[in-house]
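Engineer: Here it is, the structure, as structure tokens.
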Amino acid sequence: MNTPRQAPFHLCDEPVLHWRIGPITVARVVEGITEFSARMFLPELTEEQIDAAGAWAAPFFTEDKRRLLLSCHSFLVETPDTTIVVDTCVGTHQPRSMQTDPTFLDRLSAVIPGGRDGVDVVVCTHLHFDHIGCNTIEIDGVLQPTFPNARYLVAEPELAATLADDHMDVVEESIRPLLDAEVLHPVATDHRIDPWTCLVPSPGHSPGHVCLSIETDTATALITGDAVHSPLQFTYPSVSAEIADHDSAEATRTRERLVARLADTDTLVLGTHFPTPTAGHLRSGPLPWIEPVEGLDLVGPLRAPR
């Protein structure tokens, strides 16, 4: 197997950040940050558009604005009933174009009440390698579910498409062991996990891509997955990651729906690839923009194990 060319990578020195959504806590645990050529990854995004967006967009690019900064991180969602991990990053099974930090899984486990055994649900927003690489762990030479007590959820059309065309070479490492263990559950794209969390259909980047909606009596949030790689795709929804998209036209329509849903609301947007500040509120104007909401830097698990 040829080792893929790897983009510049920053080992994680990012703190674990937390946000409160009513009675729910969301934590961000970063695997690392990768630099990509902005022209390569978002070819329709111009330097003039980046400049026009304003200072709020600066944290998402290198200083010269030529390279896009993409964070790879997992979100840990703690509802009153359920401990949920959303996406499991790149992992160490094989060399990838995005690098990994071998300490990531230990750092993630340290934040989870009860460690890996304490996870109830793993949400796979889609089945690309940088979102499911830690779905499995090798124990005594055998790949097993990383979170042994969890149900792994993936949208039905996403699983079907990936099994039919494993173009990212993920099935044998990150999917088949879960199927063999009978812990991977194909679900509807609007599947409800518990009273506070449900999937949101967001196709385009992949055939069955989903976001995760968090809803309480007092607050709401949305974890984007790869419906949006950079917050500037809220500003310019027609700008697509053509190199990675299954259907860029559909991805654009998804972003347009998200802008209509989220703009000028109190819904906290949590970007799956957004480096710090990672979260914010979408505001309208001549150009939509993200008003950042800083996370809290806390230490240790979110709560005692149940």
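Engineer: Multiplying the sequence separation of residue 52 and residue 106 by 0.36 nm and subtracting their Cα-Cα distance, what value in nm do you get?
Structural biologist: Values: separation 54, 0.36 × 54 = 19.44 nm, distance 4.06 nm.
In short, 15.4 nm is gained.
Engineer: While we're on this one: Within segment 169-207, which GluC sites (Glu not before Pro) sit in a loop by DSSP and count at most 16 neighbouring Cβ atoms inside 10 Å?
Structural biologist: On the way: sites: 172, 173, 182; in loops: 182.
Listed in order of number, the matching sites are 182.
Engineer: Within segment 199-218, list the residues whose amide N lies under 12 Å from a label point set 7 Å along Cα→Cβ of residue 247.
Structural biologist: The answer is 202-209.
Engineer: All other residues with a Cβ under 13 Å from the Cβ of residue 234 taken together, and with Lys, Arg as +1 and Asp, Glu as -1, what is their net charge? Can you show the working numbers first?
Structural biologist: Working: positive: 255, 257, 261, 283; negative: 256, 264, 291.
Around residue 234, the charge tally is +1.
Engineer: Now for a separate question. Contour minus end-to-end for residue 283 and residue 257, with contour as 0.36 nm per residue of separation and end-to-end as the Cα-Cα distance? Display every interim value, and only then the final one.
Structural biologist: Working: separation 26, 0.36 × 26 = 9.36 nm, distance 1.45 nm.
Separation in residues times 0.36 nm, less the Cα-Cα distance, equals 7.9 nm.
Engineer: In nm, to one decimal, how far is the residue 40 label point from the residue 20 one, both placed 7 Å along Cα→Cβ?
Structural biologist: Distance between the two pseudo-spin positions: 4.3 nm.
Engineer: Here is a follow-up. Applying 1/(1 + (r/R0)^6) with R0 = 45 Å to the Cβ-Cβ distance of residue 164 and residue 117, what FRET efficiency is obtained, to the nearest 0.05?
Structural biologist: Values: r = 33 Å, r/R0 = 0.74.
Given R0 = 45 Å and the Cβ-Cβ separation, E is 0.85.
Engineer: Between residue 62 and residue 265, what length comes free when the chain is fully extended (0.36 nm per residue of separation minus the Cα-Cα distance, one decimal in nm)? Don't skip to the answer; put the middle values down first.
Structural biologist: Numbers: separation 203, 0.36 × 203 = 73.08 nm, distance 2.94 nm.
Computed gain between residue 62 and residue 265 is 70.1 nm.
Engineer: Let's test the formula: R0 of 35 Å, r as the Cβ-Cβ distance of residue 219 and residue 180. What FRET efficiency results, to the nearest 0.05?
Structural biologist: FRET efficiency, residue 219 to residue 180: 0.35.
Engineer: When Lys and Arg each count +1 and Asp and Glu each count -1, what net charge do the other residues less than 13 Å away from residue 211, Cβ to Cβ, add up to?
Structural biologist: Values: positive: 255, 257, 261; negative: 87, 158, 190, 215, 226.
Cβ neighbours under 13 Å give a net charge of -2.
Engineer: Let me ask something else about it. What is the distance in Å between the Cα centroid of segment 246-292 and that of segment 201-236?
Structural biologist: 7
Engineer: Right, something else. If R0 is 25 Å, what FRET efficiency do you get for residue 81 and residue 296 from their C-beta distance, rounded to 0.05? Let's see the in-between values first.
Structural biologist: Values: r = 23 Å, r/R0 = 0.90.
About 0.65, to the nearest 0.05.
Engineer: Report the residue, chosen from 213, 74, 284, that carries the largest GNM mean-square fluctuation when the chain is represented by alpha-carbon nodes joined by springs under 10 Å.
Structural biologist: Sorting by GNM fluctuation, first place goes to 284.
Engineer: Please list, ordered by chain and number, the residues whose modelled amide H lies under 5 Å from the amide H of residue 151; skip anything fewer than 5 residues away on the same chain.
Structural biologist: For residue 151, the qualifying residues are 121, 122.
Engineer: Further question on the same structure: If I take every Cα pair under 8 Å that is 6 or more residues apart in the chain, average their sequence separation and divide by the length, what percent do I get for the relative contact order? Can you show the working numbers first?
Structural biologist: Details: 691 pairs, mean separation 56.1, N = 306.
About 18 percent, as a whole number.
The numbers here are math on the coordinates, done by the rules we state, and not lab data. Nothing here was measured: the structure is a model prediction, and the numbers come from that model. Note: ideal-geometry Cβ built from the backbone for every residue, glycine included; neighbour counts use all protein chains shown.
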